[in-house]
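The values are calculated or read from the model by the stated rules, or taken from the named source; none is laboratory data. Source: prediction; values computed, not measured. Here Cβ is always computed from backbone atoms with ideal geometry, including for glycine, and neighbour counts include all displayed protein chains. Each accessible area value is taken on the protein alone, full model and side chains, heavy atoms only, with ligands, DNA and RNA left out. Shrake-Rupley method; radii C 1.70, N 1.55, O 1.52, S 1.80 Å.
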Amino acid sequence: MRLIYLYSMLCFLIPNSIWLLINKKKMQGKQYSIRHIVWSYIFMLYCYLAVQDAAGIGTIWDLIAYGKLDDTINVIPFSSEGIMTYVLNIIMFMPLGFLLPLIWKNFRNAWKVIFMGFGLSLGIEFLQLFSLRATDIDDLIMNTIGTVLGYLIWALFHKLVPKSGENAVAVSSREPIIYITLETLGIVFLYNWRMFY
């Protein structure tokens with residue numbers, strides 16, 4: 001069973017590792033490049049846990065196996081059962097709202113962070129259609145609220161520790177978007193869990 005987790009993590013991380021290798025010249029000579037790479041992998045690990053482990057997005061292999069998309073789509077807000085569903089969806093996206101501005105200076109704008117949280121959640125909900133999992137507007141709302149709360153925690157942290165993230169280095173202004181996109185594509189096209197069963 002551990003092999004399947006390693007396999008899914010590799011499908012998630014390999015595209016980004018290749019991208020970092022291709023762009024390593026942009027990092028050479030920068031004083032805090034090693035720290036940035038470590039933080040980038042922490043961000044990737046968080047994304048793996050949120051996107052693949054917790055949300056369980058579907059893959060192209062699921063779509064081929066099932067031969068259809070799920071048609072269970074809830075568009076009525078606040079109609080999910082159980083308060084814990086809301087709480088867990090909020091908690092799941094709080095690290096995104098905190099990590100984006102901490103690691104990347106150009107994501108110290110609340111609207112950019114909120115848009116990223118909304119976009120990632122929307123992508124997850126869409127890809128859950130591939131694996132015949134229900135798509136729910138409540139997840140989208142709660143994930144976005146979680147992103148906002150994470151950003152507010154970062155803003156408070158930054159007021160208490162003003163020098164946090166001052167030495168941030170970036171390979172690209174769109175680096176976190178590239179990571180999320182490549183990781184998601186890695187799972188969608190490379191991860192076929194049926195090989196283990």
Expected output for the stretch 31-54 (first residue under 17 Å from MET116 (Cβ atoms) and open to solvent by 80 Å² or more (accessible area, probe 1.4 Å), partner of a type in the set (Lys, Arg) and assigned to a helix (DSSP H, G or I), Cβ below 7 Å, 6+ apart or cross-chain) is none
The one condition SER164 fails out of (1) surrounded by 15 or more Cβ atoms within 10 Å (Cβ to Cβ); (2) under 17 Å from PHE107 (Cβ atoms); (3) over 16 Å from the mean Cα position of the chain (by Cα) is (1)
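Yes/no per residue for (1) closer than 25 Å to VAL38 by Cα; (2) in contact with a strand residue (DSSP E or B) (Cβ under 8 Å, 6 or more places away or on another chain); (3) open to solvent by less than 60 Å² (accessible area, probe 1.4 Å):
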{"site": "SER80", "(1), (2), (3)": "no, yes, yes"}
{"site": "ILE90", "(1), (2), (3)": "no, no, yes"}
{"site": "LYS112", "(1), (2), (3)": "yes, no, no"}
{"site": "LEU120", "(1), (2), (3)": "yes, no, yes"}
{"site": "SER131", "(1), (2), (3)": "no, no, yes"}
{"site": "ALA134", "(1), (2), (3)": "no, yes, yes"}
{"site": "ILE137", "(1), (2), (3)": "no, yes, yes"}
{"site": "THR147", "(1), (2), (3)": "yes, no, yes"}
{"site": "LEU152", "(1), (2), (3)": "yes, no, no"}
Pairs returned, first residue in the stretch 60-74 that is farther than 15 Å from GLU125 by Cβ, second residue that is in a loop (DSSP other than H, G, I, E, B), beta-carbon separation under 6 angstrom, 6 or more apart or interchain, are TRP61/ASN192; TYR66/LEU132
Heads up, the helices (runs of 4 or more DSSP H) in the stretch 10-106 (entirely inside) with at least 1 residues that are under 15 Å from the mean Cα position of the chain (by Cα) are 33-47, 83-103
Flagged in the stretch 100-110 as open to solvent by 20 Å² or more (accessible area, probe 1.4 Å) and among the aliphatic types (A, V, I, L, M), in numbering order, are LEU102, ALA110
